[in-house]
Amino acid sequence: MIVNVKATNKCNGEVISFALEGDKDTGFTYEGTHMQEVADNKIREVCNGLILLGSPLYTIKSGATECIENMTFVTEITAE
């Protein structure tokens with residue numbers, strides 16, 4: 001499954017968009033790299049928020065969109 005991620009920084013309005021590939025059983029990767037090992041600090045910070053317990057990343061169904069809000073980002077994820 002491909003999950004499109006769009007995170008908006010609450011402080012400065014910067015938008016970070018990227019795609020994750022995988023599933024809830026094998027985990028998700030960004031360009032072949034595990035979410036927690038991504039070199040780009042901004043993308044890794046967004047991914048760390050998506051890994052938390054209760055995240056809709058692991059329960060989202062194809063075609064659905066979910067929104068997550070934390071201290072820094074408002075993140076919208078859409079499953080294809």
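The values are calculated or read from the model by the stated rules, or taken from the named source; none is laboratory data. On a predicted model such as this, the values are computed, not experimentally measured, just so you know. As a convention, Cβ positions derive from the backbone with ideal geometry for all residues, glycine included, and neighbour counts pool all protein chains shown. In case anyone asks, the SASA skips ligands and DNA or RNA and just uses the protein heavy atoms, side chains included. Shrake-Rupley method; radii C 1.70, N 1.55, O 1.52, S 1.80 Å.
The table that follows gives values for the structure above.
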| item | result |
| --- | --- |
| Number of positions in region 15-45 that are in contact with a strand residue (DSSP E or B) (Cβ under 9 Å, 6 or more places away or on another chain), assigned to a strand (DSSP E or B) and not β-branched (Val, Ile, Thr) | 10 |
| Cross-chain or 6+ apart pairs with Cβ under 9 Å, region 15-31 first and within 19 Å of Thr59 (Cα to Cα), then of a type in the set (Gly, Ala, Ser) and not in a strand (DSSP E or B) | Glu21/Gly32 |
| Residues located in region 43-72, provided they are within 11 Å of the chain's Cα centre (by Cα) and within 17 Å of Val15 (Cα to Cα) | Ile43, Arg44, Glu45, Val46, Cys47, Asn48, Gly49, Leu50, Glu66, Cys67, Ile68 |
| Single residue of Asn48, Asn12 found to be in a loop (DSSP other than H, G, I, E, B) and without any contact (Cβ under 8 Å) to a residue 60 or more places away in the chain | Asn12 |
| Number of positions in region 10-23 that are within 17 Å of Lys42 (Cα to Cα), open to solvent by less than 80 Å² (accessible area, probe 1.4 Å) and among the charged types (D, E, K, R) | 1 |
| Neighbours by Cβ (under 7 Å, 6+ apart or cross-chain): first from region 62-80, under 13 Å from Leu50 (Cα atoms); second part of a loop (DSSP other than H, G, I, E, B) and open to solvent by less than 30 Å² (accessible area, probe 1.4 Å) | Glu66/Ile60; Ile68/Ser55; Ile77/Ile60 |
| Candidate set: region 24-55, residues that are small (Gly, Ala, Ser) and surrounded by 13 or more Cβ atoms within 10 Å (Cβ to Cβ); chosen: the one farthest from Glu66 (Cα to Cα) | Gly27 |
| Given (1) open to solvent by 40 Å² or more (accessible area, probe 1.4 Å); (2) under 11 Å from the mean Cα position of the chain (by Cα), index of the condition Ala7 fails | (1) |
| Hits in region 56-80 - residues which are polar (S, T, N, Q) and open to solvent by less than 20 Å² (accessible area, probe 1.4 Å) | Thr75 |
